[in-house]
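*Asks:* Below you'll find the structure I mean.
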Amino acid sequence: MGVLLDRDSKAGGTSRRQPRRIVRGVAKPQRKLRYDWNDVVYFLEVARQRNLVRAAEKLKVDHTTVSRRIRELERSLNSTLFKRSKSGFTLTEIGLRLLQYAEGMESQANSMVEAIGIEEADAGGAVRIAAMEGIGSFYLTKCIGDFNKVYPSIQVELITDTRLLDLSRREADIFVSFFRPQGKRLSVKKVGEFKIALYSSSTYFDDRPYPKTLKELANHAFINFIEDHIYSKENRWLSDILRPAHTVFRSTSLVAQYIAVSGGQGIAMLPSYVAASDEDLLPVMPELFSMRDIWLSVHEDLLHFARIKALTAFLEKRIEADKALLTSVSRRQMA
């Protein structure tokens, strides 16, 4: 793409030059796209909420207004910004590119508020966290509850999924994982670690002896993940200790495994944050354990947003404060 100077000859021999844009070898008059800056606010909220009704609630307008403003922005930019489906609104490639600039506009607006002396720029809005089901359900949910008491204007959404989400496509804003994610322009930090160990219910041993050696342990019934649904080696927990011959139940869900253990079906490797929530769980040979890291990842484009900074800082401090809980094994023993 380039610019030509177009000579517009007149009868008197005078001329003037007008810029023309060359697109694929064809010279066309340059035209500036005009749009309403206020529509960018609606675009940002729909991009974050993925839903017209929720976006309308955040903006305190009717959902038909949100829909109309999005259509008007798309018409003004001559581009489709969202894919519409029954599950909601998903950004197109053009929408993703626009999102970077729109968030930059929002950040500058917040900086302007700070610069003129108002105490604090708005840290409200939605933040979406992605994490594995276990740490999301048993640990992060409690953290988020405490976070909301401090920042009631920030809405936190938690995605618990076995698949890897793409932060660059804004499928999530923050990713809490047990491994160091790889990706372009990701800010990745190890914020802690946790212990995984063997647990059962006390009722499981009502009709069988408590193991004292690895050989005795191998004869027991076990609960585990489904091997071909484990996407990273960090989720292969039981194999760190042994490969049992008798597995009575498998599930992709750590919650399901925990319920099976609580019901006396067998022994499973459970994280410290699961055991800490249930005093009835019995450690089985607690000298056998493994450790996993906790990583916090954010796309670089989001680091300057007040709501992102508030939540990541809160989680870092909370995980550090819970270090003893996360790295310990319940010492309850058989009576």
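*Asks:* Can you find even one residue in region 53-72 that is among the hydroxyl-bearing types (S, T, Y), out of contact with any helix residue (DSSP H, G or I) (no Cβ under 7 Å at 6 or more places or on another chain) and closer than 18 Å to V127 by Cα?
*Replies:* Checked region 53-72: no residue is among the hydroxyl-bearing types (S, T, Y), out of contact with any helix residue (DSSP H, G or I) (no Cβ under 7 Å at 6 or more places or on another chain) and closer than 18 Å to V127 by Cα.
*Asks:* For region 224-242, check the following and say yes or no: at least one residue is touching a Pro at 6+ places or on another chain (Cβ under 8 Å) and touching a residue at least 60 places away in the same chain (Cβ under 8 Å).
*Replies:* No, every residue in region 224-242 fails to be touching a Pro at 6+ places or on another chain (Cβ under 8 Å) and touching a residue at least 60 places away in the same chain (Cβ under 8 Å).
*Asks:* Restricting to region 207-223, count the residues that are farther than 25 Å from E193 by Cα and touching a residue at least 12 places away in the same chain (Cβ under 8 Å).
*Replies:* The total comes to 10.
*Asks:* Something else about it: (1) aliphatic (A, V, I, L, M); (2) assigned to a strand (DSSP E or B); (3) touching a Cys at 6+ places or on another chain (Cβ under 9 Å): which one isn't true of I319, the others all being true?
*Replies:* The number of the failed condition is (2).
*Asks:* Follow-up. Please determine whether any residue of region 71-91 is out of contact with any Lys or Arg (no Cβ under 7 Å at 6 or more places or on another chain), of a type in the set (D, E), over 22 Å from S153 (Cα atoms) and in contact (Cβ under 8 Å) with a residue 24 or more places away in the chain.
*Replies:* yes
*Asks:* Test each condition in (1) under 25 Å from F175 (Cα atoms); (2) touching a Phe, Trp or Tyr at 6+ places or on another chain (Cβ under 8 Å); (3) not assigned by TED's automatic domain parsing to the domain that holds Y139 for L311 and report the one that comes out false.
*Replies:* The single condition L311 does not satisfy is (3).
*Asks:* Scan region 184-198 and report the pairs whose first residue is on the phi > 0 side of the Ramachandran plot and in contact (Cβ under 8 Å) with a residue 24 or more places away in the chain and whose second residue is charged (D, E, K, R) and surrounded by fewer than 16 Cβ atoms within 10 Å (Cβ to Cβ), with Cβ atoms within less than 6 Å and a gap of 6+ or a chain change.
*Replies:* Listed pairs, sorted by first residue: R185/E300.
*Asks:* Right, here's the next one. Inside region 53-78, can you point out the residues that are of a type outside the set (K, R), surrounded by 15 or more Cβ atoms within 10 Å (Cβ to Cβ) and closer than 24 Å to D301 by Cβ?
*Replies:* Once the filter is applied, which keeps residues that are of a type outside the set (K, R), surrounded by 15 or more Cβ atoms within 10 Å (Cβ to Cβ) and closer than 24 Å to D301 by Cβ, region 53-78 yields A55, L59, V66, I70, L73, E74, L77.
*Asks:* So which of K195, K212 is of a type outside the set (A, V, I, L, M, F, W, C) and either touching a Phe, Trp or Tyr at 6+ places or on another chain (Cβ under 8 Å) or in the same structural domain as F305 (by TED's automatic domain parsing) (or both)?
*Replies:* Result: K195 is the single residue among K195, K212 that is of a type outside the set (A, V, I, L, M, F, W, C) and either touching a Phe, Trp or Tyr at 6+ places or on another chain (Cβ under 8 Å) or in the same structural domain as F305 (by TED's automatic domain parsing) (or both).
The values are calculated or read from the model by the stated rules, or taken from the named source; none is laboratory data. Everything numeric here is computed off the predicted structure, so don't read it as measured data. Every residue, glycine among them, receives a Cβ derived from its backbone with ideal geometry; neighbour counts consider all protein chains shown.
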